[in-house]
1. Hey, could you check the stretch 61-109 for residues that are outside any helix (DSSP H, G or I) and among the polar types (S, T, N, Q) and say which is modelled with the highest pLDDT?
2. Might you check whether a residue that is out of contact with any Pro (no Cβ under 8 Å at 6 or more places or on another chain), within 13 Å of V33 (Cα to Cα) and in contact (Cβ under 8 Å) with a residue 60 or more places away in the chain occurs anywhere in the stretch 79-89?
3. Provide a single number: the residues in the stretch 7-59 that are assigned to a strand (DSSP E or B) and in contact with a helix residue (DSSP H, G or I) (Cβ under 8 Å, 6 or more places away or on another chain).
4. Among the candidates L235, L241, which residue alone is part of a loop (DSSP other than H, G, I, E, B) and outside the structural domain of L77 (by TED's automatic domain parsing)?
5. Considering only the stretch 366-374, I want to know if a residue exists there that is among the aromatic types (F, W, Y), out of contact with any Pro (no Cβ under 9 Å at 6 or more places or on another chain) and either assigned by TED's automatic domain parsing to the domain that holds L508 or within 24 Å of L611 (Cα to Cα) (or both).
6. Please specify each residue of the stretch 195-233 satisfying the condition of being aliphatic (A, V, I, L, M), at pLDDT 90 or above and under 18 Å from V249 (Cβ atoms).
7. So how many residues does the stretch 315-351 have that are aliphatic (A, V, I, L, M) and more than 20 Å from A491 (Cβ to Cβ)?
8. Surrounded by fewer than 23 Cβ atoms within 10 Å (Cβ to Cβ), within 21 Å of Q245 (Cα to Cα) and not small (G, A, S), is that true of L220?
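The values are calculated or read from the model by the stated rules, or taken from the named source; none is laboratory data. Quantities reported herein were computed from a predicted structural model and do not represent experimental measurements. Quick reminder, even Gly has a Cβ in these numbers, built from the backbone with ideal geometry, and neighbours come from all protein chains shown.
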Amino acid sequence: MTILQVALDVPLPRLFDYRLTGESQGSLIGRLVKVPFGQGVKFGVVVNEAATSDHPDAKLKSAELIDNLPALPADWLALCQFCARYYHYPLGQVMAFALPPLLRKGKTPRITKPKHESAVPPAPTFNTATPDQAAAIDAILGATGFQTFLLHGVTGSGKTEVYLRAIAAVLERGGQALMLVPEIALTPQLESRVSARFPGTHVVSAHSGVADAARARAFLAALEGRAAIVLGTRLSVFMPLPRLQLIVVDEEHDASFKQQDGLRYSARDVAIFRARQRDIPIVLGSATPALETFHHAASGRYTKLDLPLRAVAAAMPTVTTIDTRKQKLQDGLSAEMISAIGERLGRGEQSLIFLNRRGYAPVLACPACGWISHCRRCAANLVLHLADRRLRCHHCGLEVMIPHACPDCGNLDLQPFGRGTQRLEASLVERFPTARILRIDRDSASSPQKWQTLLATIHADGADILVGTQMLAKGHDFPKLTLVGVVGADAALFAADFRAPERLFSQLMQVGGRSGRAHLPGAVLIQTEYPDHPLYRALIDHDYAAFANEQLAERQAAGFPPFAFQALLRAEAPEIAQALEFLGTAVARAEELGAPDIMLYDPVPMRLVRLKNRERAQLLVESRSRPALQNFLAGWMTRLYACKTPRELRWHLDVDPQEF
C-alpha cells in the first residue's frame with residue numbers, strides 16, 4: 001500500500017498521511033489530491049510517498065487524485081519548502097497561498113489559446129542603447145549561472161530598456177523570463193509595453209487584481225511552458241516556469257514586495273533564492289536601492305551596474321528647498337510654490353503637487369471641548385473625506401457620516417485640522433480657477449478602470465495641475481510635466497521606524513524623477529522646516545550614495561539591519577494583557593533554548609495598539625548571525641506550537657520585518 005504524505009491548508013507545521021485509492025502509475029509527488037479532513041474535505045499537495053505510516057492502517061483515510069491537473073514540478077515544491085523553513089510557516093499554507101484559488105480547489109479553468117501566439121517570437125526592434133545600457137546588457141547576458149545584479153539607474157535612465165533587451169535574448173534561446181513589479185497599477189502599462197515589443201509572444205500577468213479563472217490559466221500556461229514572459233506583483237514569484245532563464249525585480253526597494261499578512265515573505269528575497277536554485281541571473285533594478293541591497297553591492301556580494309545618466313532628458317531636475325519657517329503659507333503652499341505653478345500654467349506645462357496623505361484632513365475636531373474624530377475600532381483617527389461627506393479609518397475601513405455637531409458638547413463649528421489631497425485640490429481650484437486640476441489617490445483611482453482613465457487624461461494633455469500621492473511616484477512618463485512640488489514631507493524625518501528616512505528619500509527621489517523626463521527641463525521644490533537636513537542636501541545633489549553610506553554607518557553603530565537579522569513575534573487578542581501574557585510565555589520558552597547569540601527584547605504594545613477591535617503587542621528577536629537566528633527560530637516555533645493559548649488569541653512570526 002502506498003502512503004501519501006500530504007500538505008494541507010491548515011495552521012499546523014506537519015504533513016498528513018493518507019492511503020491511495022486504487023493503483024498509481026509513477027510518482028505522485030506534486031499531485032493535487034482531495035482528502036477527508038475532520039467533518040469535511042480538503043485539497044492538498046502530495047509532498048512524499050512512503051511504504052509505512054506511524055498511524056495504524058485501519059485509521060488511514062483514502063486520498064483521491066485530481067486527474068485533470070498536472071503534477072507540480074520539483075523546483076516549485078522546493079521553493080515552497082524553502083519559504084516554509086525560512087519564514088517558519090506551515091508548508092500546506094505556503095502551497096495554498098502559492099496556488100491560484102481555482103487550482104487549490106481542484107478545479108480546472110477553460111484554456112483559451114492566445115491569438116497570434118507563436119513559439120518563436122519575431123526579432124524585436126530596439127532603440128539605440130546608450131553605452132551604459134549596452135554595458136549592463138552585456139554583463140547580464142554574459143553571466144554563467146547564478147549571479148545577482150544591482151542595476152542602479154537614476155530615474156529616466158532606461159532601466160526598462162535593459163530589462164527588455166535581456167528578456168529578448170532569453171526568448172531567442174528558448175527560455176522563459178519572470179519580471180516582478182511592485183504595484184498592480186504598473187502591471188497593465190508594462191504589459192502593454194512588453195506586448196508591443198514582443199508581438200506574438202505569450203505574455204501573462206499575475207497579480208491580485210486578475211480574476212480567478214485568468215490567474216489559473218496564467219499559472220497553467222507558465223507551468224506547461226506556453227507562456228514565455230510572466231509579469232506580475234509579489235505573488236508571481238511562485239509561478240512555475242520550467243525553462244526559466246532570467247528574473248527581473250523592478251523597483252526592488254519597494255516595501256510592497258513584502259507581504260504583511262499570512263505568509264509574510266519578501267518577494268525580492270524569494271526571487272533571489274529562486275535564481276540561485278535555478279542557477280540563473282537575477283537583476284534588481286532601482287534608482288534608490290534598499291540599503292541592504294546597496295550594502296551587498298558595495299561588499300561585492302552583488303554585481304553593481306550603473307546607469308548614471310538619463311536616456312532621453314539632458315539632465316536631472318534641479319532640486320530646491322523652500323524654508324517654510326520664514327513665511328506664512330497660503331492654504332499650505334508657499335509663495336515660491338504658487339509662483340512656480342503659475343509659471344508652468346503660463347507655458348502650457350504640467351505641475352505635480354505631491355502630498356502623501358489622502359482625504360481632506362487627517363482629523364475633524366471640536367475647538368470648544370477638544371473632541372477628536374477617533375476610530376472606535378482602532379487606536380487611530382478617522383480621516384475627513386469631504387467629497388463624499390464621510391469620516392473614514394484608513395486602517396480598518398470604518399466609515400461614518402460627518403456629524404452635524406460635536407457629539408460631546410453640541411458645538412456646530414467643527415474644524416478640520418491638517419491637510420490631505422482633497423483639501424489641497426480644493427485650495428488649488430480656488431487659486432487657479434481656469435486650470436484643469438486632477439487629483440490622483442486611492443479614492444479617485446479606486447479601480448483599475450478609473451486609474452487607466454486618469455492616466456489617459458494626463459497623457460492626452462487633459463490636466464494642468466496634478467495633486468497626487470505615492471501612486472504617481474514611480475513608473476510614469478509625462479512629457480509635459482516639468483514641476484514637482486513636495487508638501488508635508490518633514491514628518492517622516494523623525495519617525496520612530498529606523499527605515500523611515502530611507503523610505504522618504506526613495507519616495508522623494510522617485511516622485512522628483514517624474515519631472516523633466518523629455519526635452520523640457522524639470523524642477524523639484526520641497527517645502528520644509530529643515531532645509532539643511534542631510535537627507536534634503538543629498539536630494540539636492542542627486543547623491544544617493546552619500547545618503548546611503550551615512551545611513552549604513554548609523555545602522556552599523558546601532559546594530560540595525562543589514563548588520564543584524566531580526567524577527568518579530570506578534571500577538572493580538574481582545575485585551576492587551578492577553579497578548580502580553582502570551583509573549584511573556586514565549587520569552588520563557590525562548591530562554592529554555594539557551595541561545596547565547598540571540599537578543600530577546602521585552603514584549604511591548606505595538607504603536608497602533610488597537611486595530612479592528614483587537615489589541616496587539618510584539619516581541620523583537622535579533623542576532624548578528626542569520627544561521628543562528630534561523631536555528632533558534634526553528635526550536636522556538638516547535639515550543640510555541642505546543643503552547644495552549646486562548647481561542648481568541650492569535651499570533652504569528654514575521655522574519656525580516658519591514659514594519660514595527
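1. Going residue by residue through the stretch 61-109, those that are outside any helix (DSSP H, G or I) are 61-73, 88-90, 99-100, 105-109.
After this cut, where a residue has to be among the polar types (S, T, N, Q) as well, the list is 62, 68, 108.
On the way: S62: 92, N68: 82, T108: 82.
In this case the residue turns out to be S62.
2. For the stretch 79-89, residues out of contact with any Pro (no Cβ under 8 Å at 6 or more places or on another chain), within 13 Å of V33 (Cα to Cα) and in contact (Cβ under 8 Å) with a residue 60 or more places away in the chain: absent.
3. Residues flagged as assigned to a strand (DSSP E or B) and in contact with a helix residue (DSSP H, G or I) (Cβ under 8 Å, 6 or more places away or on another chain) within the stretch 7-59 amount to 8.
4. Details: L235 fails: part of a loop (DSSP other than H, G, I, E, B).
Just a single option satisfies the conditions, and that option is L241.
5. In the first step, residues of the stretch 366-374 are kept if they are among the aromatic types (F, W, Y); the result is 371.
Right, trim to out of contact with any Pro (no Cβ under 9 Å at 6 or more places or on another chain) and you get none.
So far as the stretch 366-374 goes, no, none of its residues is among the aromatic types (F, W, Y), out of contact with any Pro (no Cβ under 9 Å at 6 or more places or on another chain) and either assigned by TED's automatic domain parsing to the domain that holds L508 or within 24 Å of L611 (Cα to Cα) (or both).
6. V203, V204, A222, I229, V230, L231
7. Within the stretch 315-351, the subset aliphatic (A, V, I, L, M) is 315-316, 319, 322, 329, 333, 335, 337-338, 340-341, 345.
Subset that is more than 20 Å from A491 (Cβ to Cβ): 315-316, 335, 338, 340-341, 345.
Residues that pass the stated criteria total 7.
8. Values: surrounded by fewer than 23 Cβ atoms within 10 Å (Cβ to Cβ): yes; within 21 Å of Q245 (Cα to Cα): yes; not small (G, A, S): yes.
Considered against the rule, which asks whether it is surrounded by fewer than 23 Cβ atoms within 10 Å (Cβ to Cβ), within 21 Å of Q245 (Cα to Cα) and not small (G, A, S), L220 comes out as yes.
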